[in-house]
1. For the stretch 142-191, rounded, prolate or oblate, judged on the Cα gyration tensor with a ≥ b ≥ c (square roots of eigenvalues), a/c < 1.5 rounded, else prolate if a/b > b/c?
2. For L218, what residues show an amide H to amide H distance below 5 Å, using hydrogens built from the backbone and excluding near sequence neighbours?
3. Return the equivalent ellipsoid semi-axes of the stretch 206-257 as a descending list in whole Å, where each equals the square root of 5 times an eigenvalue of the C-alpha gyration tensor.
4. Which order do you get for M69, M143 if you rank them by accessible area with a 1.4 Å probe, largest at the top?
5. Can you put S261, S142 in order of accessible area, largest first, using a 1.4 Å probe?
6. With each label point set 7 Å from Cα along the Cα-Cβ vector, what nm distance links Q255 and T56?
7. Roll a 1.4 Å probe over the protein chains and send me the accessible area per residue for the stretch 139-262 in Å².
8. For T191 and D248, compute 0.36 nm times the residue count separating them, minus their Cα-Cα distance, and round to one decimal in nm.
Amino acid sequence: MLTRLSRPRALALCALPVLALFGTAAFAPLPFTLAQPGVTADVLGKDRGKPVITITGAETRPTDGQLRMTTIVATGPKADIRIGSVLDGWFRTDRAVMPRDAVYPTGGSEQEIEQHNLNDMKESQNVAVDAALNQLKREPGSMRVTVDLGDIGGPSAGLFLSLGIIDKLDGDGKGGDLTGGRTIAGTGTITADGKVGAVGGVSMKTQAAHRDGATVFLVPKAECREAEAERPDGLRLIPVTTLGGAVDALKALEQGGKVPSC
């Protein structure tokens, strides 16, 4: 025999599984990572007392202004992230909720991931040198370039390491600084032929850049929308797709030319 339920009772019964699901989620770890703005480092200067870029075997020039690579700080791959933290992160502008697999695609232990990120940084440093020398049409064997960013890992500093090498060797090509004396920040991977690749956590990196005095932020063009969504007031976004395009944009910025925008 079927019994017809009143509407309030039917709604209450339907809500029970939903409430049970939320109750379970409140206590179960979720596959997310929480990120926030990390440190920035001026690749033209020193990091922890050591020059970031050292060039021997070629004449270098004194530089003015700053080129600040940016980072995020993320919870570890094994961290228990609960629904309360996720909801809190979604409603804060100084936090980001990211899929864990997007931040830690390789899996493994925290030590293995840290070593993987350091290896990525080392490879990125080597490629950044090649990209800069290719941009300047200089022979790779004509000088020695070393890079030291301590324990900062990952490949996202590639673009700025290349720009730092170019500024130290050639500036804007006319005796001036590539930065125009400004504090320029940004992010992006680099290939030896100068292509700029997308990275993660751009909205957090713009906040780190603004916090540390940057007025201009170079962002991989594919990530313009994300960067614009949380852009701090007073921070100008310049999209880039190549190292040569980044150099041209910085020169145009100083000379009053046409500068790309998101």
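1. Numbers: a/c = 2.15, a/b = 1.41, b/c = 1.52.
Here the stretch 142-191 falls in the oblate category.
2. Under 5 Å from the amide H of L218 lie the amide H atoms of A185, G186, T187, I238, each far enough along the sequence or on another chain.
3. Square roots of five times the eigenvalues give 19, 14, 8 Å.
4. Numbers: M69 5, M143 25 Å².
Most to least solvent-accessible, the answer reads M143, M69.
5. Sorted by accessible area, descending: S261, S142.
6. So the label points at Q255 and T56 sit 3.6 nm apart.
7. On a per-residue basis, 40 Å².
8. Taking 0.36 nm per residue and subtracting the Cα distance, the gain is 18.8 nm.
The values are calculated or read from the model by the stated rules, or taken from the named source; none is laboratory data. Please read all numbers here as calculations on a predicted model, not as lab measurements. Positions of Cβ are generated from backbone atoms using ideal geometry, with glycine treated the same way; all protein chains shown enter the neighbour counts. Keep in mind that these areas ignore ligands, DNA and RNA; they rest on the heavy atoms of the full protein, side chains included. Shrake-Rupley method; radii C 1.70, N 1.55, O 1.52, S 1.80 Å.
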